[in-house]
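Student: Quick one: structure below, then a few questions.
The values are calculated or read from the model by the stated rules, or taken from the named source; none is laboratory data. From a predicted model like this one, the values you see are computed outputs, not experimental measurements. Quick reminder, even Gly has a Cβ in these numbers, built from the backbone with ideal geometry, and neighbours come from all protein chains shown. Accessible surface areas use protein heavy atoms only, side chains included; no ligands, DNA or RNA. Shrake-Rupley method; radii C 1.70, N 1.55, O 1.52, S 1.80 Å.
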Amino acid sequence: MTIFVNDQSVQAADTYYKVGKIHTTTPTSWRGNWYSYVNGKFCLTQVNKYSVTQKYKGKKHTLFKSSWKGYRKLAFAKISGTNRYTFNAYATKAYQSDRGWRITHRTVENQKITVLRDYSGGGAYVDLFRSPVYKSYTN
């Protein structure tokens, strides 16, 4: 008798992070406009069903898109062992990785606000807000 177990995780040689089930669309709660203030300039991150784009210094850049191939293909998945998610689960090298994102809350002027937290190396992060901000919220 043989028993097969279907583990939904993907990993190892073909991806940078060990991840759970990969989706080609973003979750509804993540979609919409997210604003940050970087180096004195507004940055608008737009999370749509099939793509993630950023507008910064008057230029628009598509970061991930579900119709693309390779590590820039929109591949949304939970990073195993963390509370973070990635938009590019097919990344194979550190420089291709988005370092992880998550929806969380922070208190600003005694108000609890939902933010999209964008992590970078060394534990640093930038919080993106649902409405424009006029101050940099980084760690």
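Student: Consider the candidate values (1) 1.23; (2) 1.14; (3) 1.02; state which one is Rg/Rh (Cα atoms, Kirkwood Rh) computed from the structure displayed.
Tutor: (3)
Student: Within 9 Å, Cβ to Cβ, of Y119, how many net charges do the neighbouring residues add up to if Lys/Arg are +1 and Asp/Glu are -1?
Tutor: Around Y119, the charge tally is +2.
Student: Ok, one more. Hey, with R₀ at 22 Å, roughly what FRET efficiency would Y50 and Q111 work out to, going by the Cβ-Cβ distance, to 0.05?
Tutor: Efficiency for this residue pair is about 0.10.
Student: Additional query: Roughly how many percent of the accessible protein surface of the chain is carbon and sulfur, given a 1.4 Å probe and a whole-percent answer?
Tutor: 49 percent
Student: Arranged from highest to lowest average of other beta-carbon atoms within 10 Å per residue, in what order do the peptides 25-33, 43-51 appear?
Tutor: 43-51, 25-33
Student: Sticking with this one: What FRET efficiency do you get for K18 and Y95 if R0 is 25 Å and r is their Cβ-Cβ distance, rounded to the nearest 0.05?
Tutor: 0.85
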